[in-house]
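Everything below concerns the one structure shown next.
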Amino acid sequence: MFPALAVALVLQQAAPGQVVWQTPPPPEPVAAEAPAAIPAIPDWARADPYGYERSECSPLIRKADESMEACQVRVRAALAAHLGDDLPVGLAGTGAADQCRQEAAGDRYALQCGAPSRSGPATSRLVEQVCETRPRARAEGGVTWTEECRPGDGSERPREGLRLRLGGDDD
């Protein structure tokens, strides 16, 4: 009787309400506010504007109540006021940063902005090959296996060694 009473008591203690998960409201877009006075920037910021932006907007440096986007807008406005036409394209505005991408995979700071550069067509042509593996006796005794490959279309084997191609095919 006591276990049945305990189970009934536990079942009656239902949660007062259900937990409802709500998605947070989307963040409000950061509007560029026109500063009353142009803040001064150090001389090294003129030489390295990207470094200046990184240093000013670092989570360790910027104000706790300022978001990363607001900090970038503030710093970029100050850089634009001081540098004018010398401002890099990546820091110019909202649309210009979307067109920039890393120049090389290992380089974190070099940016290429604008249309990507196009490289020429690949110069190597793939040729189907027919390969045969054959045993060959060694002078010391034993057997070694060698593989010989030739083009599958019956043309002659490519010459081995150093070749310099001076424009066009060397046929």
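The values are calculated or read from the model by the stated rules, or taken from the named source; none is laboratory data. Quantities reported herein were computed from a predicted structural model and do not represent experimental measurements. Don't worry about glycine lacking a Cβ; one is built from the backbone with ideal geometry, like all the others, and counts go over all protein chains shown. Note: accessible area is taken over every heavy atom of the protein model, side chains too, but ligands, DNA and RNA are not part of it. Shrake-Rupley method; radii C 1.70, N 1.55, O 1.52, S 1.80 Å.
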Within the range 129-155, which residues are at pLDDT below 85 and exposed (fewer than 10 other Cβ atoms within 10 Å of the Cβ)?
-> D153, G154, S155
For L111: the one exception among (1) open to solvent by 90 Å² or more (accessible area, probe 1.4 Å); (2) at pLDDT below 70 = (1)
For the range 60-78, what are the residues that are open to solvent by less than 100 Å² (accessible area, probe 1.4 Å) and outside any helix (DSSP H, G or I)?
-> R62, E66, S67
